[in-house]
Amino acid sequence: MLKSKKQIAVIGGGAAGLCAAIEAARTANGQAEITVFEALGRCGKKILATGNGRCNLANTDTDLSHYHGDVSAVEDVFAHYSLQSALDFFKELGLFMRADAAGRIYPLSNQASAVLDALRFELDRLQIQVKTEQKITDIKKHNGEWLLNGTFAADFVVLACGGKAAPVHGSDGTGYVLAKQLCVQVEQPLPALTALVVDQFTKALKGIRAEGSITLKCAGKVLAFSAGEIQYTDYGLSGIPAMQVSGAVSRYLSKNEKSPCQVIVDRAPSVSAEELTAFIECAKKERPNLLCEDLLTGIMPKRLGVTVLTECSLQPQKPLTAMNTGVIPTLVAAIKNKKYKINSVCGFADAQVTAGGIPACEINTQTMELRKADGVFVCGELVNVDGDCGGYNLLWAWNSGRLAGANAAKRCLC
Ligand SMILES: Cc1cc2nc3c(=O)[nH]c(=O)nc-3n(C[C@H](O)[C@H](O)[C@H](O)COP(=O)(O)OP(=O)(O)OC[C@H]3O[C@@H](n4cnc5c(N)ncnc54)[C@H](O)[C@@H]3O)c2cc1C
């Protein structure tokens, strides 16, 4: 039987795949049939988990320094599909959005489901077929077509399987298996935007949340820095600053296994060392009977302050008169420059994104087509691009997905 229309298969119904399917259908304008193959029972499960259920879908600051890996790919994709075009895309789908003070963009309803609904309704309107519980594990060329799992034939394919982070949402690394079947090399996937596992961590800190900054310093070089609310866990450091530096830690440790790296935590970043010194000297003079444990309560949570004192061998229950003046520089250093040796980061199960993946050299980043597999396009987290926390990963997924989908459809029109 003659096929009347070209077939485009999108493998993966996440952020990138859904946008690829929509853009392909719009571009093909009825000249192609688009089918999304999704491994799970429904599309977009991860979208629902993003931004703590609120979906931080983009950021007003699109500086490329927020991206890591093959940043040239981001530059190329964003030249075709910018932040504004992503916002217009969602606005057209009926989604109103707002940015918070840090530039993080959320749906006005503050519900991630609103973003997924907007995409789902457009999929329906464009009559895009969605095949759920269809995990594609095999791709090969057969009689000029791409054969998926030996059953489904497609003229063009978009690989949008995500990476390995948060496999509970479907991204279990099968995308790399498919890429390898196409003889495409893959940069080692590593967990990023995850917590740091600290050597000899003080369990007493567990549960504390406090403002702080983290500087990643390896072999004498500062590799990353981030400030915000640090969450202390029983194994190490979490919260946005820890997550932001975790990709750089992962990359460093993957290449320098035998040389663990170090983070320096400033537990009072808004107070200078000089101010702290003056404050402690003054407290010692003016309030000699104050208990040591109450010294830092105006600067950090009491439990964190007590741990800092203990680290400096000070007894929290003793009054300030008992504190030797000579210990003040040690105390200030413990607050401003606490060093932790990092042995590892938490694994893919806890990571929000994957660093590594298909490198830009394997892709024509003007179209997202693989150089070694004619008619196969890639997008999203599967590519060797990862962004900071703050909406950067979804923006990459929407935009790279749209570029891949549009170009797969353009090929149908030739
Ligand atoms: C908890 C959490 C919170 C996050 N919050 C944010 C945030 O607020 N802002 C932000 O920018 N980023 C956030 N991220 C990151 C962001 O969600 C991802 O980078 C983005 O969703 C990647 O999109 P993707 O479509 O490339 O991959 P995915 O979203 O992982 O989608 C891949 C899809 O493909 C399917 N699939 C995989 N393999 C196959 C196969 N072989 N056959 C068929 N289907 C397959 C999967 O089931 C999945 O549905 C968060 C991530 C997590 C885990």
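The values are calculated or read from the model by the stated rules, or taken from the named source; none is laboratory data. Bear in mind that the values here come from a model prediction, so they are computed numbers and not experimental data. Cβ: placed from backbone, ideal geometry, glycine included. Neighbour counts: every protein chain shown. Note: accessible area is taken over every heavy atom of the protein model, side chains too, but ligands, DNA and RNA are not part of it. Shrake-Rupley method; radii C 1.70, N 1.55, O 1.52, S 1.80 Å.
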I'd like the distance separating the alpha-carbon centroids of segment 23-79 and segment 168-200, in whole Å. 18 Å
With a sphere of radius 13 Å drawn around the Cβ of Arg98, what net charge do the other residues whose Cβ falls strictly inside it have (Lys, Arg +1; Asp, Glu -1)? +2
With every protein chain left in place, what is the accessible area of Ile136 in Å² (1.4 Å probe, nearest 10)? 10 Å²
Going through the cross-link list Lys45/Lys255; Lys141/Lys410; Lys46/Lys203, which pairs have a Cα-Cα distance over 29 Å in this structure? Lys45/Lys255; Lys46/Lys203
Given an 8 Å cut-off on Cα distances and at least 6 residues of separation, report the relative contact order of the chain as a percent. 26 percent
Jot down the per residue volume, in cubic angstrom and as a whole number, of the convex hull over the alpha-carbon atoms of the chain. 141 Å³
Net charge near Gln181 (other residues with Cβ under 13 Å of its Cβ; Lys, Arg +1; Asp, Glu -1) is +3
Cut-off 10 angstrom, C-alpha nodes, Gaussian network model of the chain. Which of Val74, Val271, Val378 fluctuates the most? Val271
With a ≥ b ≥ c the root eigenvalues of the C-alpha gyration tensor of segment 58-217, is it rounded (a/c under 1.5), prolate (a/b larger than b/c) or oblate? oblate
How far is helix 240-255 tilted, in degrees, relative to the longest principal axis of the Cα atoms in the chain, given as a value from 0 to 90 rounded to the nearest 10? 70 degrees
Would you look at the GNM of the chain, springs on alpha carbons closer than 10 Å, and say which of Asn56, Asn343, Asn324 moves the most? Asn324
Which percent of the accessible area of segment 195-346 is formed by carbon and sulfur heavy atoms (probe 1.4 angstrom)? 51 percent
Area accessible to solvent at His80, 1.4 Å probe radius, in Å²: 90 Å²
Place the peptides 364-375, 284-295 in order of packing, highest mean first, counting for every residue the other Cβ atoms within 10 Å and averaging per peptide. 364-375, 284-295
Taking placed amide H atoms and a strict 5 Å upper bound, the residues 5 or more places from Val130 or on another chain that come that close are Val36
Value of [θ]222 nm, deg cm²/dmol, for the chain, DSSP H segments ≥ 4, -39500 (n - 2.57) each, nearest 500: -10000 deg cm²/dmol
Relative contact order computed over segment 195-346 (Cα-Cα under 8 Å; 6+ residues apart), in percent: 30 percent
Taking θ as phi - 60°, what are the ³J(HN,Hα) couplings along segment 118-131 by the Karplus curve (6.51, -1.76, 1.60), each to the nearest whole Hz, with x for Gly and Pro? 4, 5, 4, 4, 5, 4, 4, 4, 8, 6, 7, 7, 10, 10
Output the 0 to 90 degree angle, nearest 10, between the alpha-carbon long axis of helix 273-286 and the longest principal axis computed from the alpha carbons of the chain. 30 degrees
When all protein chains stay in place, what accessible area (Å², nearest 10, 1.4 Å probe) is found for Glu133? 140 Å²
Pick from Thr27, Thr297, Thr174: which is most flexible by mean-square fluctuation in a GNM of the chain where alpha carbon atoms under 10 Å apart are linked? Thr297
What list of ³J(HN,Hα) couplings, whole Hz, do you get for segment 93-105 from phi and the Karplus terms 6.51, -1.76, 1.60, once you set θ to phi - 60° and write x for glycine and proline? 7, x, 9, 8, 9, 9, 9, 8, 4, 8, x, 6, 9
How large is the accessible surface per residue of the chain, computed with a 1.4 Å probe and reported in Å² as a whole number? 43 Å²
Sequence-distant or interchain residues sharing an amide H contact under 5 Å with Gly236, placed H: which? Val198
Kirkwood-based Rg to Rh ratio, segment 195-346, C-alpha trace: 1.01
Could you compute Rg(Cα) / (2.2 N^0.38 Å) for segment 1-126, with N its residue count? 1.14
